[in-house]
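Following: one structure in structure tokens, then a few remarks.
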Amino acid sequence: MGLSGYRTGHHTEARPCKAAGILLAFSNCFGICGYIMNWKKELILLLAALGVGAFLGPMIVFLVGQATFGPYDDGAGLATFYARFWLELGKTDPIPWLMLLAPYLLLQWLRLLRIPFRRRPSASETTLSADQT
């Protein structure tokens, strides 16, 4: 989709279309080109983070709450807590949704914090790589 091939001489070269060039320029401004181009990796990361938020997060909240505040709702167990968690997700209560999305949001926040500290190639390195091509 983003590349159009045209024939010059005996071989075919691929040339990016204008929309792909604009998308790449926009994504490079924010340092997210790798994330856009690697959507399968992002999808796996999202699913793993949602799994942690759906199963491990409520368990940790239950155990910490039990240790801090005592028994949960007249001795109800972890299964009752999970049932209420999923019920509240269905009612679109924001707190369970935040618990579900928290691991993924934390990963994205850490990625954003890392952007200013990334090593950028110096002008001499850029010139050398341009001369080699």
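Key figures for this structure:
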{"quantity": "Cα lying deepest toward the dipole's positive end in the range 38-115, options I44, L87, L101, charges on Cβ", "calculated": "I44"}
{"quantity": "Cα centre as origin, Lys/Arg/Asp/Glu Cβ charges: the range 38-115 dipole, Debye", "calculated": "480 debye"}
{"quantity": "Pair T80, L110: separation of 7 Å Cα→Cβ label points (nm)", "calculated": "3.5 nm"}
{"quantity": "Added length on full extension, which subtracts the Cα-Cα distance from 0.36 nm per residue, V61 to E88", "calculated": "8.2 nm"}
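Since every read-out is calculated from the coordinates, none of them should be taken as a lab result. All of these numbers come straight from a predicted model, not from anything done at the bench. Positions of Cβ are backbone-derived with ideal geometry, glycine not excepted, and every protein chain shown enters the neighbour counts.
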